[in-house]
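All remarks here apply to the structure that follows.
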Amino acid sequence: MSTTYDLIILGGGVAGMTSAIYGARANLRVLILDENACGGLVNWTKVVENMPSYTSIGGMELVERIQEQVEALGVDIEEAACIDAIDFSGEEKIIEADDTVYKAKAVIVATGRKPVPLEVAGECDNVHFCAICDGAAYKGKKVLVVGGGNSGFDEAIALLDQGIEELMLVEKMDTFFAAQSAQDELQSRPNSTISHSTEVTDVVYGEKLQSVTLRNVATNETIEHECDGIFVFMGQEPGTEVFEGQLSLDKQGYIDTDDLMKTSVAGVFAAGDVRQKKYRQITTAMADGTIAALEAERFIHSITE
């Protein structure tokens, strides 16, 4: 089956959905393909308090409201779409996903970033990357948080607020990188322990997680630590593996663009966290999505006139 669109947007996060809104309002036939669910990392944000027009709003609620607007404009959305191959070499851009061949005059890449995995955890089902999404299942249980940045500390506090019985946070480096206020808050909780210069070297699990091996990187001393769940916050990396050899990427794997979101390939644009940029916020993702869609519309008109 072959399905043709004016504009295909890869990624249904805030940048992608903003692009879809502008594309649909320009009377383009638009498709969003997302390998997970629309919303991206905003789904994992407990409270958003820097979004104009909302004093405070939950991340999932914000995503739902944006997606409702996208769907009301007639945009097609395919979630849980596995991209098998892409070909941006011709005038018509081709994307193969789940045995379907999609074609478009222009493409916007908004695949965002994804959490850096804990490699030693393998296929353990008790490893998570979102306290809001998965923390409730561990009420009254013991969890390990990996990562000493703002995300690690903020999510650890969120886990304790959900009723975690005992929490330990570890960071491989010899210092923590979170705001001091967050460090002070977590240290004040009687059922929490924090430890830097500590890494996870092994995870023992069967039908469920049993324990982890923790190593002090300074002394090489190891201990076994029992826990029911692991929450990983070791940073994020761009979702650009499928674009290697198709688009120009920087050393970190982010897509190179100019200020108009144009990539190294005519007719292909990038928006949001997937591109190299200094600030990564919901509002800057929306700005990227807006610019990318307006430029995509101009490009489509230029090749069809």
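The values are calculated or read from the model by the stated rules, or taken from the named source; none is laboratory data. Fair warning: this is a prediction, and the values are worked out from it, not measured in the lab. Counting neighbours? That spans all protein chains shown, and the Cβs are built from the backbone with ideal geometry, glycine included.
Looking at Val170, Val204, just one residue is surrounded by 21 or more Cβ atoms within 10 Å (Cβ to Cβ) and among the hydrophobic types (A, V, I, L, M, F, W, C), and that residue is Val170. Evaluation of Glu123 against the conditions (1) touching a residue at least 60 places away in the same chain (Cβ under 8 Å); (2) among the charged types (D, E, K, R); (3) assigned to a loop (DSSP other than H, G, I, E, B) shows that the sole unmet condition is (1). Just the residues that are touching a residue at least 24 places away in the same chain (Cβ under 8 Å) and either surrounded by fewer than 18 Cβ atoms within 10 Å (Cβ to Cβ) or of a type in the set (Asp, Glu) (or both), please, taken from the stretch 260-279. Passing the criteria: Leu260, Val265, Ala266, Asp273, Gln276. Please indicate, with yes or no, whether at least one residue in the stretch 282-298 is basic (Lys, Arg) and outside any helix (DSSP H, G or I). Within the stretch 282-298 (the criterion being basic (Lys, Arg) and outside any helix (DSSP H, G or I)), the answer is no, since none of the residues qualifies. When only residues in the stretch 1-16 that are among the aliphatic types (A, V, I, L, M) and closer than 18 Å to Tyr102 by Cβ count, which is nearest to the chain's Cα centre (by Cα)? Top of the filtered list is Leu10. Every condition in (1) exposed (fewer than 14 other Cβ atoms within 10 Å of the Cβ); (2) of a type in the set (D, E, K, R); (3) over 20 Å from Ala131 (Cβ atoms) is met by Arg215 except one, and the failing one is (1).
The residues listed here are Gly152, Gly140, Gly135; of these, the one that is within 27 Å of Met60 (Cβ to Cβ) and assigned to a loop (DSSP other than H, G, I, E, B) is Gly140. Of the residues Gly40, Gly59, Gly23, the single one that is among the small types (Gly, Ala, Ser), within 14 Å of Ala293 (Cβ to Cβ), assigned by TED's automatic domain parsing to the domain that holds Phe299 and surrounded by 19 or more Cβ atoms within 10 Å (Cβ to Cβ) is Gly23. Take the conditions surrounded by fewer than 14 Cβ atoms within 10 Å (Cβ to Cβ), charged (D, E, K, R) and assigned by TED's automatic domain parsing to the domain that holds Thr263 and apply them to Glu91. Does it pass? Yes, satisfied. Residues considered: Glu165, Glu155. Of these, the only one that is surrounded by 20 or more Cβ atoms within 10 Å (Cβ to Cβ) and either of a type in the set (Asp, Glu) or modelled with pLDDT of 95 or more (or both) is Glu155. Could you tell me whether any residue of the stretch 214-221 is among the aliphatic types (A, V, I, L, M), in a strand (DSSP E or B) and not assigned by TED's automatic domain parsing to the domain that holds Val109? Yes: the stretch 214-221 contains one or more residues that are among the aliphatic types (A, V, I, L, M), in a strand (DSSP E or B) and not assigned by TED's automatic domain parsing to the domain that holds Val109.
Just the residues that are within 23 Å of Ala136 (Cβ to Cβ) and touching a helix residue (DSSP H, G or I) at 6+ places or on another chain (Cβ under 9 Å), please, taken from the stretch 194-208. Answer for the stretch 194-208, where residues must be within 23 Å of Ala136 (Cβ to Cβ) and touching a helix residue (DSSP H, G or I) at 6+ places or on another chain (Cβ under 9 Å): Ile194, Val203, Tyr205. Within the stretch 264-305, being in contact with a Lys or Arg (Cβ under 8 Å, 6 or more places away or on another chain) and more than 21 Å from Leu249 (Cα to Cα) holds for Phe299, Ile300, Ile303, Thr304. A count restricted to the stretch 45-88 and to residues that are more than 19 Å from the chain's Cα centre (by Cα), part of a loop (DSSP other than H, G, I, E, B), in contact (Cβ under 8 Å) with a residue 24 or more places away in the chain and over 30 Å from Gly245 (Cα atoms) stands at 3. Of the residues that sit in the stretch 86-119 and are touching a helix residue (DSSP H, G or I) at 6+ places or on another chain (Cβ under 9 Å) and charged (D, E, K, R), which one is farthest from Gly11 (Cα to Cα)? Of everything passing the filter in the stretch 86-119, Glu91 is farthest from Gly11 (Cα to Cα).
Of the numbered criteria (1) within 30 Å of Ser89 (Cβ to Cβ); (2) outside the structural domain of Val14 (by TED's automatic domain parsing), the one Glu241 fails is (2). Can you find, within the stretch 89-100, the residue that is farthest from Cys38 (Cα to Cα) among those that are outside any loop (DSSP other than H, G, I, E, B) and not basic (Lys, Arg)? In this case the residue turns out to be Ile94.
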